[in-house]
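A short worksheet on the structure shown next.
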Amino acid sequence: MPWEILLSMDTLVFEKRRAAYSDTASEKFQVPWLSLVMDKDSRLIRTTLKELLSKEFLPEDIFKVGGRLLASREEASERYNASLTWFDKYGMMVISNGPFKLVKFDPPSQYAELEAFRDSTYPFKPGQWYFGKPASIQIVGIKDGRIALGSEAIFKVDADGPGQLGLKYLLYDAVEGRVLTAGEGELAKPKSFIIKVDAEITSRLKPSVYQLILLAYSDQLSSVAERVEFIEAGPTITEVTTPTTPTTTTTTTPTTTTSPTQPSPPEVVAGPDTTPIWLATGIVLAAAVVVAILVFRRKKKP
């Protein structure tokens, strides 16, 4: 941003007290929150630029370095006029020196227009400063991801990337929000590390899940690789008591599956006498009839 715009803004905020740099100061002093895209605020800047131009003001305390003045009043007036011309053309005070410029801003329509700035005298060509995709570091994997309470925990971590790799670790208890231990991984072989957590530390842990935060780095890169592993802590395998399940011996009797059939009529069960019941009943009734006839005849004789 041009120095004359910054000078005008500071004059408005700190000397005239007619604008503010933040919303809190704006509310406190009851002045507008300065925005260079807004027409009203840009006009305040334009008015201040005209005042500075009329005075041919040069901030010597800024441009004087080691007893030497780096700018003149004529050069300052040229800068004031250049910013005023910019406002007359675009209606705002957003001025920069990048590859694009803001040429239109319409808040009610939610519209902004950027225009590419291509200077033919610019010494660099597109793609001249592109050197390809940078190399990266990766944490490939971690082995033995469990903590046995009261025993030394050992984790094997593999990483990949250029240069001499290193690994930092941190064991974190997210429940209590505290760091349990931290350190540097031991280089077992190129790009392979070993992390050891002492038994003294694991003996103070509770059965829970902890975070092992890993950070891999290289002496050839400015970037790092980060990874968070969730580690379960619990008793050792020998300490785990497996409840015994009672066993029941079951004798299996072969069963015969019978297809459903029509019901059979009930069978007549014979007692010790092999004579059927219906036959015996008939004989008794016949004997009773014979006896009754004989008695009736005897009564008729004189």
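Residues F131, F117: which one is open to solvent by 90 Å² or more (accessible area, probe 1.4 Å) and within 30 Å of G91 (Cα to Cα)?
F117
Filter segment 72-101 down to residues that are in contact with a strand residue (DSSP E or B) (Cβ under 6 Å, 6 or more places away or on another chain) and outside any loop (DSSP other than H, G, I, E, B), then give me how many there are.
3
Cβ-Cβ below 7 Å, separation at least six or inter-chain, first residue in segment 69-82 and farther than 16 Å from P2 by Cα, second part of a helix (DSSP H, G or I) and open to solvent by less than 40 Å² (accessible area, probe 1.4 Å): which pairs?
Going by the 7 Å Cβ cut-off, the qualifying pairs are L69/F63.
I'd like the full set of residues that are free of Cβ contacts under 8 Å to residues at least 12 places away in the same chain and surrounded by 15 or more Cβ atoms within 10 Å (Cβ to Cβ), limited to segment 83-114.
If the condition is that a residue be free of Cβ contacts under 8 Å to residues at least 12 places away in the same chain and surrounded by 15 or more Cβ atoms within 10 Å (Cβ to Cβ), then W86 is the only one that fits.
Taking helices (runs of 4 or more DSSP H) that fall entirely within segment 1-63, which contain at least 1 residues that are open to solvent by 40 Å² or more (accessible area, probe 1.4 Å), touching a helix residue (DSSP H, G or I) at 6+ places or on another chain (Cβ under 6 Å) and among the hydrophobic types (A, V, I, L, M, F, W, C)?
39-55
Could you tell me which of the residues G141, G127, G166 is out of contact with any helix residue (DSSP H, G or I) (no Cβ under 7 Å at 6 or more places or on another chain) and assigned to a loop (DSSP other than H, G, I, E, B)?
G127
The values are calculated or read from the model by the stated rules, or taken from the named source; none is laboratory data. Remember, it's a predicted structure, so these values are computed and weren't measured experimentally. FYI the Cβ positions are ideal-geometry reconstructions off the backbone, even for glycines, and counts take in every protein chain you see. What goes into the accessible areas is simple: the full protein's heavy atoms, side chains included, and nothing from ligands, DNA or RNA. Shrake-Rupley method; radii C 1.70, N 1.55, O 1.52, S 1.80 Å.
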